[in-house]
Structure formats: C-alpha cells, structure tokens
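Data block below; observations after.
The values are calculated or read from the model by the stated rules, or taken from the named source; none is laboratory data. Everything quoted here is computed from the prediction, not taken from an experiment. Backbone-built Cβ (ideal geometry, glycine too); neighbour counts: all protein chains shown.
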Amino acid sequence: QLRVDEDAQRLVTAFASEGKPVAAICHGPWLLVNSELTEGRDMTSYPSLLDDLVNAGANWTDQEVVVDTEGGHPLITSRNPGDLDAFSSAIIRSLEG
C-alpha cells in the first residue's frame, strides 16, 4: 500500500529534491519505483523486487547494503531485516556527512 500512497511519494520525492538521504529496505524500494527515483541508481532490495527495479532503470545487485551517491541525493538500500546493522550504519554515515 505504501508504494501507491501519494503522501509517501511526495515525502520521499521532497527529500530527494532537497538532496537529503533516502533509505529503503526489503520491499521499501517499491515506493522509490512509484516515485520515479530509481533510474540509473545502484540499488538492492528483497530479491523478488529485482525485475521491478531493473524495469524502472535501477542497477540491481545482491549486497547487504548499497549506497549510491551519484544521483543528486544519497540513496541507501538493503535487502532484508537481516541486513539492519549494515543498513543503519550506512544511514548514520550519510547523515554525518
């Protein structure tokens, strides 16, 4: 439901347009697909999202965390809750600048 929530889409798009970090784990990257924030970005997710992300222009890889800093705002993605330590650490590093 989150991926089609217009308020959620506006929030994530606003963060991106202001150059703020955007982070998503597990199935969260579906929101980024619907918010058109995946084109040309290096990302990971729960494996079942691979085709959706690739079809939306992302460069998908199977890693515990992927940090892409090339698209105007940091984009941090992880595969699943088992990757929370790496995911959280990447978010903290991004916020520290």
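From the residues in the stretch 1-18 that are of a type outside the set (Gly, Ala, Ser) and surrounded by 12 or more Cβ atoms within 10 Å (Cβ to Cβ), which one is farthest from the chain's Cα centre (by Cα)? That would be 5.
Here is a check on your reading of the model: is residue 49 more than 11 Å from the chain's Cα centre (by Cα), farther than 13 Å from residue 23 by Cβ and of a type outside the set (S, T, N, Q)? Yes: the conditions hold for residue 49.
Residues 14, 58, 8: which one is at pLDDT 95 or above, among the hydrophobic types (A, V, I, L, M, F, W, C) and within 13 Å of residue 75 (Cβ to Cβ)? Don't jump to the end; show me each part of the working.
On the way: 14 fails: within 13 Å of residue 75 (Cβ to Cβ); 8 fails: within 13 Å of residue 75 (Cβ to Cβ).
So the residue among 14, 58, 8 that is at pLDDT 95 or above, among the hydrophobic types (A, V, I, L, M, F, W, C) and within 13 Å of residue 75 (Cβ to Cβ) is 58.
Scan the stretch 46-65 and tell me whether some residue there is without any contact (Cβ under 8 Å) to a residue 60 or more places away in the chain, surrounded by 20 or more Cβ atoms within 10 Å (Cβ to Cβ), in a helix (DSSP H, G or I) and touching a strand residue (DSSP E or B) at 6+ places or on another chain (Cβ under 6 Å). Taking every residue of the stretch 46-65 in turn, at least one turns out to be without any contact (Cβ under 8 Å) to a residue 60 or more places away in the chain, surrounded by 20 or more Cβ atoms within 10 Å (Cβ to Cβ), in a helix (DSSP H, G or I) and touching a strand residue (DSSP E or B) at 6+ places or on another chain (Cβ under 6 Å). Would you check if residue 25 is in contact (Cβ under 8 Å) with a residue 60 or more places away in the chain, crowded, with 16+ Cβ neighbours inside 10 Å and either touching a strand residue (DSSP E or B) at 6+ places or on another chain (Cβ under 6 Å) or among the aliphatic types (A, V, I, L, M) (or both)? Answer is yes for this residue.
Residue pairs whose Cβ atoms lie under 7 Å apart, separated by 6 or more positions or on different chains, with the first residue in the stretch 71-97 and farther than 17 Å from residue 15 by Cβ and the second part of a strand (DSSP E or B) and not β-branched (Val, Ile, Thr), are 86/78.
Quick check, is residue 33 touching a Pro at 6+ places or on another chain (Cβ under 7 Å) and free of Cβ contacts under 8 Å to residues at least 40 places away in the same chain? Answer is no for this residue. Any idea which residue in the stretch 66-97 is surrounded by the fewest Cβ atoms within 10 Å (Cβ to Cβ), counting only those that are out of contact with any strand residue (DSSP E or B) (no Cβ under 7 Å at 6 or more places or on another chain) and acidic (Asp, Glu)? Looking at residues that are out of contact with any strand residue (DSSP E or B) (no Cβ under 7 Å at 6 or more places or on another chain) and acidic (Asp, Glu), I get 96.
Inspect the stretch 83-93 for any residue being of a type in the set (Lys, Arg), over 11 Å from the mean Cα position of the chain (by Cα), more than 17 Å from residue 37 (Cα to Cα) and outside any strand (DSSP E or B) and give the result as yes or no. Yes, that holds for at least one residue.
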